[in-house]
Amino acid sequence: MALARERRFDDAVGAFEDFLRREPNHDQAWIAYAQMSKKRYMQQGAPALAYEACGSVLDRGIVANAASGQLWQARGLLELQQGKAVEAKKLLEKAVALDESLAPVLRWKAVREVDEQ
């Protein structure tokens, strides 16, 4: 994360990739890597690429650790940020099915409104 804070994104990508090869089930590392990827492209003025890169990292994390509610939640929140509430709700429901402690996210207004549409 220090490399990302210093905006040494290429070095940070390498560090994340090395770490995740050794620790593929480390949810927080996948999430931090996804957030860094999003930030990198947002700072370059490329929001579409930012969301794509973030989603790609989270998808890889989910493949590596499909039982991680936190990764499913992060993916759902990314969809919500893009205005894709229906898709987001499905992902968030999957997250809660895996980890009930994540249930408060289903009470968020943007998620509840999906049923009202």
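The values are calculated or read from the model by the stated rules, or taken from the named source; none is laboratory data. Fair warning: this is a prediction, and the values are worked out from it, not measured in the lab. Cβ sites come from the backbone with ideal geometry, for glycine too, and all protein chains shown count toward neighbours.
Residue pairs whose Cβ atoms lie under 9 Å apart, separated by 6 or more positions or on different chains, with the first residue in region 93-106 and within 10 Å of GLN70 (Cβ to Cβ) and in contact (Cβ under 8 Å) with a residue 40 or more places away in the chain and the second of a type in the set (Phe, Trp, Tyr) and part of a helix (DSSP H, G or I), do not occur.
Looking at the structure I just gave you, is LEU78 at pLDDT 95 or above, over 14 Å from the mean Cα position of the chain (by Cα) and surrounded by 15 or more Cβ atoms within 10 Å (Cβ to Cβ)? Criteria not met by LEU78.
Scanning region 51-106 for residues that are of a type in the set (D, E, K, R), within 17 Å of ALA34 (Cβ to Cβ) and either assigned by TED's automatic domain parsing to the domain that holds SER37 or not in a helix (DSSP H, G or I) (or both) yields a total of 4. Among all residues of region 30-37, there is at least one that is assigned by TED's automatic domain parsing to the domain that holds ALA12 and surrounded by fewer than 19 Cβ atoms within 10 Å (Cβ to Cβ).
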